[in-house]
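Okay, so here's the structure we're looking at.
The values are calculated or read from the model by the stated rules, or taken from the named source; none is laboratory data. These numbers were taken from a predicted model, which means no experiment stands behind them. Here the Cβ positions follow ideal geometry from the backbone for every residue, glycine too, while neighbour counts run over all protein chains shown. Side chains included, ligands, DNA and RNA excluded: accessible areas come from the protein's heavy atoms. Shrake-Rupley method; radii C 1.70, N 1.55, O 1.52, S 1.80 Å.
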Amino acid sequence: MAAIEVSGLSKHYGDVRANDDLTFTVRKGEIFGYLGPNGAGKTTTIRSLLGFQSPTEGTATVLGHDVRDEDELIEAKAEIGYLPGDPGLDEQVTGREYLDYQASLKGDERRGELLELFDPPLDRKIREYSRGNKQMVGIVQAFMHDPDLVIMDEPTSGLDPLKQEAFNEFLRGERERGKTVFFSSHVLGEVRRVCDRVGIIREGKLVTLEDIDALLRRGGKRVRVHTRSDADLAGLDGEGIVDREAFDDGVQFTFTGDYNALVSLLAQYDIVDLEIEEPPLEDVFMHFYGAD
Ligand SMILES: Nc1ncnc2c1ncn2[C@@H]1O[C@H](COP(=O)(O)OP(=O)(O)OP(=O)(O)O)[C@@H](O)[C@H]1O
């Protein structure tokens, strides 16, 4: 059984097709990144998965339970953690009071362990919290009952880079423990560091769904060639070379072709330095989102 099974899921708000015939599966034990720019429809999918709204068409199951069936979903929720995009916490209570309340609803066997990693000032009122502190309380409540599946809407927003890395490390540990994580993001660098697979959504439709490695492979390599400054670089072009840009002592391009051909081509030049690296995921993303 898949952790999440989305079949033909659509959600329309009047003329806006926020989700349009989405079909995909999230496997048990994987970290799945749900990527898209602002307004692509990520939150809409997440709200449907949690049963906060009914799909216009199609459906989804979470841990085998149909999201359209309220009773089934209540049962499933004991095994699901959820972090909304806007944690919407009660501002009048302290962080500790909030977590105590959440614990009374669903348990908190991992609270202590989580608070060692994510450490908001528990005895202060939530209204005094920074965005990052609110996010940390949200993360603690999402995981503290040790659910099998955690669904999160832009979980790292507001976290500083050190906390983001701690969060990534924590997610990798959860995967080791066999847990499933589904989270949305528009920060491509972060899904690359932690996700097994990624689905890209644009204007309500799924543009692609693949292993993060395959996505990066398809995105090619970024090549930067430095030559003697008097070299004529006009011939340094050919099949598989895209986004070519010349600079003072060389040229930079994305290469998606055959590496033997690239080596033969480069061998014709007097090269003083050569850099070949993974392209930023943002560039890969542009291949899907670029000129339309
Ligand atoms: N309750 C609503 N009523 C009308 N339109 C809505 C409603 N909720 C979302 N939309 C519209 O649906 C589309 C998808 O919105 P959604 O919030 O799902 O995007 P998102 O990918 O989560 O964006 P972001 O990254 O900005 O949070 C947008 O055009 C949005 O304006």
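A few comments on the model shown:
- Every residue from the range 26-53 that is more than 10 Å from the ligand (Cβ to nearest atom) and open to solvent by 40 Å² or more (accessible area, probe 1.4 Å): ARG27, LYS28, PHE52
- Only residues that are closer than 18 Å to GLY132 by Cα and modelled with pLDDT of 95 or more were counted across the range 172-202, and they come to 2.
Okay, residues lined up against (1) more than 26 Å from the chain's Cα centre (by Cα); (2) open to solvent by less than 60 Å² (accessible area, probe 1.4 Å):
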position	(1), (2)
GLN92	yes, no
TYR98	yes, yes
ARG110	no, yes
ILE151	no, yes
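- Residue match in the range 183-201 (condition: touching a residue at least 40 places away in the same chain (Cβ under 8 Å), touching an Asp or Glu at 6+ places or on another chain (Cβ under 7 Å) and away from the ligand (no atom under 16 Å from the Cβ)): yes
- Of the residues in the range 257-273, none is crowded, with 16+ Cβ neighbours inside 10 Å and within 30 Å of CYS195 (Cα to Cα).
- Residues that are in contact (Cβ under 8 Å) with a residue 60 or more places away in the chain and not in a helix (DSSP H, G or I), drawn from the range 43-82: LEU50, VAL62, LEU63, GLY64, ALA78, GLU79, ILE80, GLY81, TYR82
- Condition met for ALA234 (among the small types (Gly, Ala, Ser), open to solvent by 40 Å² or more (accessible area, probe 1.4 Å), farther than 27 Å from PRO37 by Cα and in a loop (DSSP other than H, G, I, E, B)): yes
- All positions within the range 12-25 that are open to solvent by 30 Å² or more (accessible area, probe 1.4 Å) and out of contact with any Gly (no Cβ under 7 Å at 6 or more places or on another chain): HIS12, TYR13, GLY14, ASP15, VAL16, THR25
- Scanning the range 189-223 for residues that are under 10 Å from the mean Cα position of the chain (by Cα) and under 30 Å from VAL263 (Cα atoms), we see that the one that is least open to solvent (accessible area, probe 1.4 Å) is GLY189.
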